[in-house]
Number of protein chains: 2
Amino acid sequence: MPTNRPPKKHKGLVIINTGDGKGKSTAAFGMLLRAWGRDMKVGAVQFIKSESGKYGEHRALEKMGVEVIPAGRGFTWTSHDLDVDAEKARHGWKTASEMILSGEYDVIMLDEITYPIRYGWLDASDIIDTLSRRPEMMHVVLTGRNAQDELVEFADLVTEMKMIKHPYETQGVTAQKGVEF
Amino acid sequence: MPTNRPPKKHKGLVIINTGDGKGKSTAAFGMLLRAWGRDMKVGAVQFIKSESGKYGEHRALEKMGVEVIPAGRGFTWTSHDLDVDAEKARHGWKTASEMILSGEYDVIMLDEITYPIRYGWLDASDIIDTLSRRPEMMHVVLTGRNAQDELVEFADLVTEMKMIKHPYETQGVTAQKGVEF
C-alpha cells in the first residue's frame with residue numbers, strides 16, 4: 001500500500017459559522033434540523049442566549065424533541081466565584097464536552113462559543129483537545145463572531161456570514177419574533 | 001403629524017442569503033424552523049433540488065408538517081416547450097407567487113431562485129413586482145449564489161455566505177448525509 005493514501009471520503013466535520021452577518025446560528029439550527037430529519041441524534045449547548053428566554057428555535061427544537069441546553073442550566077452560584085457569567089460558561093463547556101465524548105450524539109452545536117473564549121472564560125486549546133477526541137463520525141458546529149485562529153485552523157469547514165445589507169441600519173427595523181429569535 | 005415619520009419598527013422582510021459558502025439554504029431552513037416554533041405558517045419552493053430526492057431537510061420538514069414544494073411538482077411537459085427545466089422553473093414561480101399573494105403564509109422560502117433568474121427562465125422584475133404586493137408582515141427568504149443586483153437593491157436583509165475553508169478542497173471529503181443534504 002502506498003504511504004500517501006487518499007484522504008478518507010467521509011468523516012465527522014468540525015464546522016464553524018462566523019462573521020458579522022446573520023445566519024450563523026440559524027444555519028447551525030438548520031443543520032440540526034437536517035440531521036434530525038435523518039433520525040440522527042442531535043443536541044445543542046447555547047453559550048450566550050438567556051436560559052429563561054423562549055426563543056423560536058427553542059420552541060421548535062422542543063416540539064421536535066431535540067435537547068438545547070443553556071450554558072447555565074444546573075449551574076449553582078458559589079461565593080468562591082463571583083464571576084457568574086464566566087462560571088456559567090465553564091459549566092456549559094463541561095456539559096458540552098461530556099456530550100461530545102459520550103458517543104451518544106451524531107451532531108452537536110456549540111452556539112456562540114466564540115464569545116466565552118474571547119472573554120477568557122474558556123480556552124480554545126481545551127476545546128480543540130476535546131474535539132480531537134470525539135467519535136470519528138461526529139459533527140460539531142461552532143458559531144459566533146470572530147472565530148479564534150486556532151479554531152479556524154482546526155476546523156474542516158469554515159463559513160463567514162458577511163453582512164451586506166441590514167434593515168436595522170438602513171430602515172431602523174428592529175428584531176422580529178419568528179424571524180430573528 | 002410630521003411628514004418625516006420615523007420608519008416602521010416591524011415589517012415583513014425580504015431576506016437574501018447569497019455567496020459561494022455553505023449555509024444559504026440551511027440558514028433559510030433554520031428560519032422556517034424558528035417561525036414554525038412560534039406556530040407561524042411557513043412554506044418553501046425549491047427551484048433546483050431534485051423533486052424525487054429525499055433530502056434531510058425535506059424529511060425534517062415533512063415530520064414537522066411543513067410544505068416544501070419542488071418547482072416541478074404538478075408540472076406537465078408539453079411539446080410546445082422543449083426546455084423542461086425552464087418550464088419547471090416557471091411553473092415553480094407561478095406556485096410561489098400564488099403562495100406569496102394568498103395571504104396564508106407568514107414566511108416563505110424561495111430556495112435557489114437566483115439560478116433560474118440567471119439562466120433567463122425567470123425575470124427578477126416579475127419577482128420584485130410580486131414581492132412588493134405581498135402581505136405587509138410576510139417575510140420571504142431567497143437563496144442562491146450571485147443574487148441579482150436588483151434583488152439585492154430591493155431586499156431588506158442581505159447576507160453573503162463566504163467560504164473560508166472547505167473540506168472538499170482541503171481534504172477531499174465528499175458531501176455527507178445529514179450534514180449537507
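Checking each residue of the range A:117-130 against the condition of being open to solvent by less than 10 Å² (accessible area, probe 1.4 Å), touching a residue at least 60 places away in the same chain (Cβ under 8 Å) and under 24 Å from A:Met161 (Cα atoms) gives no match. Contact annotation: residue pairs with Cβ atoms under 7 Å, 6 or more positions apart or on different chains, pairing a residue in the range B:12-40 that is free of Cβ contacts under 8 Å to residues at least 24 places away in the same chain with a partner that is part of a loop (DSSP other than H, G, I, E, B), are B:Arg34/A:Gly178; B:Arg38/A:Lys177; B:Arg38/A:Gly178. If the requirement is being at the interface with chain B (Cβ under 9 Å from one of its Cβ atoms), open to solvent by 20 Å² or more (accessible area, probe 1.4 Å) and over 19 Å from B:Lys165 (Cα atoms), which of these qualifies: A:Lys162, A:Lys177? Exactly one of A:Lys162, A:Lys177 is at the interface with chain B (Cβ under 9 Å from one of its Cβ atoms), open to solvent by 20 Å² or more (accessible area, probe 1.4 Å) and over 19 Å from B:Lys165 (Cα atoms), namely A:Lys177. Candidates are the residues of the range A:19-30 that are surrounded by 24 or more Cβ atoms within 10 Å (Cβ to Cβ) and out of contact with any helix residue (DSSP H, G or I) (no Cβ under 6 Å at 6 or more places or on another chain); the one that is nearest to A:Asp111 (Cα to Cα) is A:Ser25.
The values are calculated or read from the model by the stated rules, or taken from the named source; none is laboratory data. Model, not experiment: these values are computed from the prediction. Note that we place each Cβ from the backbone using ideal geometry, even for glycine, and neighbour counts take in every protein chain shown. We work out accessible area using only protein heavy atoms, side chains counted, and drop any ligands, DNA or RNA first. Shrake-Rupley method; radii C 1.70, N 1.55, O 1.52, S 1.80 Å.
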